[in-house]
2 protein chains.
Amino acid sequence: MVHYKNPLLVLGCVAEWQGRILLCRRAIEPRRGYWTVPAGFMENGETLQHAAARECYEEALAEVEIGSLLALVSVTHAHQVHVMFRARMTRSEFGAGPESEAVGLYSEADVPWAELAFPSVEFTLRRYFADRAAGREDHHFAELTRPLWHNEKSIPTAKVEG
Amino acid sequence: MVHYKNPLLVLGCVAEWQGRILLCRRAIEPRRGYWTVPAGFMENGETLQHAAARECYEEALAEVEIGSLLALVSVTHAHQVHVMFRARMTRSEFGAGPESEAVGLYSEADVPWAELAFPSVEFTLRRYFADRAAGREDHHFAELTRPLWHNEKSIPTAKVEG
């Protein structure tokens, strides 16, 4: 494992199809079995938007158009910055990529709030639905300074140092 | 030198004092002698806003309050994402930190446009002044896919691979 001196970017999106949004149940640690929006590490050579769309295709086999900026979360204990966009699925097909056990479209009322994988996912989804209800598309900042996960045993120790 | 698989975050700000903005002439390569807004690599354990304020203090010895999001630039050839904020200097003092040869407050008309260090700095400043003239504070995306620098000899080869 390389120990970075600098935070890594995690890119993701809230992808909507006919009013419902795409969630993935994680097939890998950390937080295997818990739910997330499609998201993952940005790679060299891509833009923020391309990374978010690529992760959505890899984890949920869904094609999206990336829209407005939704959330910028400094996850200081994990040395990560999470950048989340709004997105629109361009066709109805989706499925479970290799890092997902299950993928589904959820209405706001059906989101498994108690089984979300990470606090940044909850922050992102709460702001998404609040903005949608208000008819606006703002962007939102948050700082997450320590894990708030339900099952602390699943926290990888390399990510909580510092 | 560590070769990262993932882009690094560069945080900076356009810091205003009584209508003029803070620019630094770089004392280090790349682009020594050219002008930039205060900006540098985000470090572990800080937020986006903290990193932008820290860089402003280190390079321009200026204390700022970070404001709204201004620019998000995917610099794909350099494996960097530049995130720029608006900022307000909280006192009039400033000076040259160790990475700056000179620091000054510039009106829009006096910005040394032909001697800016990086295309992302020009993008950031153009959007800043356009928004200010229009009385708005939007955020702006850009993708920079290759160097547009005047003096190509100063480009560090490790940063233009890929």
Residue of B:Gly95, B:Gly104, B:Gly45 that the Gaussian network model of chain B assigns the largest fluctuation, springs spanning Cα pairs under 10 Å: B:Gly45
Would you grab the residues whose amide H sits under 5 Å from the one on B:Leu61? Only those 5+ places off in sequence or on another chain, please, with H modelled 1.01 Å from N. B:Gly95, B:Gly97
Say we join alpha carbon atoms closer than 10 Å with springs in a Gaussian network model of chain B; which of B:Arg136, B:Arg54, B:Arg31 then has the biggest fluctuation? B:Arg136
One quarter of the convex hull surface, Cα atoms only: what value does that give for the range B:32-78 in nm²? 4.4
Accessible surface buried once A binds B (1.4 Å probe; total of both sides; Å²): 2500
For the range A:1-146 the mean separation of alpha carbon contacts under 8 Å (6+ apart) over residue count, i.e. relative contact order in percent, is 30
Given the protein assembly as shown, report the % of alpha carbon pairs whose separation exceeds 37 Å. 19
With labels modelled as points extended 7 Å from the Cα through the Cβ direction, what inter-label distance (nm, one decimal) is found for A:Glu122 paired with B:Ala27? 4.7
Contour excess over end-to-end distance, with Cα ends at B:Glu58 and B:Phe129 and 0.36 nm allotted per residue: 23.1 nm
The orientation-averaged projected area of the Cα convex hull of the range B:6-68, in nm², is 5.0
Place the label 7 angstrom along Cα→C-beta at A:Arg32 and in each other copy, then list the distances from the first to the rest in nm, shortest first. 5.3
Measuring label to label, 7 Å along Cα→Cβ, what does A:Gly95 give against each other copy in nm, shortest first? 6.5
Give the dimensionless ratio obtained when the Cα radius of gyration of the range B:2-41 is divided by 2.2 N^0.38 Å. 1.47
May I ask you to evaluate 6.51 cos²θ - 1.76 cosθ + 1.60, the Karplus curve with θ = phi - 60°, for each residue of the range B:17-30 and list the ³J(HN,Hα) values in order in whole Hz, giving x for glycine and proline? 9, 6, x, 9, 10, 8, 10, 10, 8, 5, 9, 10, 7, x
Note on the range B:65-151: alpha-carbon gyration tensor, axes a ≥ b ≥ c; rule is a/c under 1.5 for rounded, else prolate if a/b larger than b/c, else oblate; result oblate
What whole number of Å gives the distance from the Cα centroid of the range B:45-85 to the Cα centroid of the range A:75-114? 28
Helix B:119-134 vs. chain B, principal-axis angle (Cα, 0 to 90°, nearest 10): 30
Would you please report the Å³ per residue occupied by the convex hull of the alpha carbon atoms in chain A? 111
Take the Cα coordinates of the range B:96-143, assign each an equal point scatterer, and use the Debye formula without solvent to give log10 I(q)/I(0) at q = 0.26 Å⁻¹. -1.10
Residues of the range B:1-119: accessible area per residue at 1.4 Å, in Å²? 39
Run the accessible area of the range A:88-137 with a 1.4 Å probe and give the carbon-and-sulfur part as a rounded percent. 46
For B:Asp131, what charge total do you get from the other residues with a beta carbon under 13 Å from its beta carbon, if Lys and Arg give +1 and Asp and Glu give -1? +1
Amide H contacts under 5 Å for A:Thr47, placed H, 5+ residues apart: none
Dipole magnitude (debye, nearest 20) for chain B, charges at Cβ of Lys, Arg, Asp, Glu: 280
Apply 1/(1 + (r/R0)^6) to the Cβ-Cβ distance of B:Arg20 and A:Thr90, taking R0 = 35 Å, and write down the FRET efficiency to the nearest 0.05. 0.15
With R₀ set to 25 angstrom, the calculated FRET efficiency between the beta-carbons of B:Glu143 and A:Asp110, to the nearest 0.05, is 0.10
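The values are calculated or read from the model by the stated rules, or taken from the named source; none is laboratory data. All values reported here derive from a predicted model rather than from experimental measurement. When we count neighbours, we look across all protein chains shown, and the Cβ atoms used for this are built from the backbone with ideal geometry, even at glycine. SASA here: full protein model, heavy atoms, side chains in, ligands and nucleic acids out. Shrake-Rupley method; radii C 1.70, N 1.55, O 1.52, S 1.80 Å.
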